[in-house]
1. Sorting Phe29, Phe9 on the 10 Å Cβ count, fewest up front, what's the list?
2. On the Cα set of region 12-131, report Rg and Dmax in Å, please.
3. Between region 98-113 and region 2-61, how many Å separate their Cα centres?
4. Work from the charge dipole of the chain (Cβ charges, +1 for Lys and Arg, -1 for Asp and Glu, about the Cα centre) and give the residue of Trp120, Ala77, Ala130 farthest towards its positive end.
5. Only four residue types carry charge here, +1 at the Cβ of Lys and Arg and -1 at the Cβ of Asp and Glu. Report the dipole size of region 39-92 about the Cα centre in Debye, rounded to the nearest 20.
6. With a ≥ b ≥ c taken as the square roots of the eigenvalues of the C-alpha gyration tensor of region 5-51, please select rounded if a/c is under 1.5 and otherwise prolate if a/b is larger than b/c or oblate if it is not?
7. Give me the distance in nm between label points sitting 7 Å out from Cα along the Cα-to-Cβ direction at Ala114 and Glu28, one decimal.
8. Along the charge dipole of the chain, which of Leu21, Ala59, Gly36 sits closest to the positive end, that is, farthest toward it, with unit charges on the beta carbon of Lys, Arg, Asp and Glu (+1, +1, -1, -1)?
Amino acid sequence: MGAWSEEPFGNDTAADWGWELDDAESWEFVTEVLRGFLAASDADEDTEAIVVAAAETVAHGLGSPTQDDSYTESVTAFVERVGAPPAETVTLARDALRVVRDDGSASAELWAEADDLDAWRDALGRINAALSR
């Protein structure tokens, strides 16, 4: 995962996934990512990056984005097409974000090694707050 910031779409994996939203026709695309992650026994940092991007996409759908820039243009267009997310997707996003934020996650370990764990956790905290409004 090539990361340039702790923002949800601040890495290659999440940015690439964001472009896939151009072809998505419903929230089921996002819901499947979140459901699949929560059903898995373990995940790598790339999967977790996609989960964070999916959670940010849900925040956009709720009208509370934490990142709004050129990297989220596909997210904005997706939300304009499909509207607000279903309640189940919001719940899944909060649950998945909680798992990614845990000390034992692959992403937490990478951010700790880079001495940016606090900044990354702050970014996830902002997403979580947006999902809880």
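1. Result, fewest neighbours first: Phe29, Phe9.
2. For region 12-131, the Cα radius of gyration and maximum Cα-Cα distance read 13.3, 39 Å.
3. That distance is 16 Å.
4. Toward the positive end, the furthest listed residue is Ala130.
5. Working: 1 positive and 11 negative charges, 73 e Å.
Dipole magnitude for region 39-92 comes out near 360 debye.
6. Details: a/c = 2.41, a/b = 1.00, b/c = 2.40.
In terms of gyration-tensor shape, oblate.
7. Placing both labels 7 Å along Cα→Cβ, they lie 3.4 nm apart.
8. About the Cα centre, the residue reaching furthest to the positive side is Ala59.
Where a number appears in this text, it was derived from the coordinates with a stated rule and is not lab data. Keep in mind it's a predicted model, so treat the numbers as computed, not measured. Cβ coordinates were reconstructed from backbone atoms using ideal geometry, including for glycine residues, and neighbour counts include every protein chain displayed.
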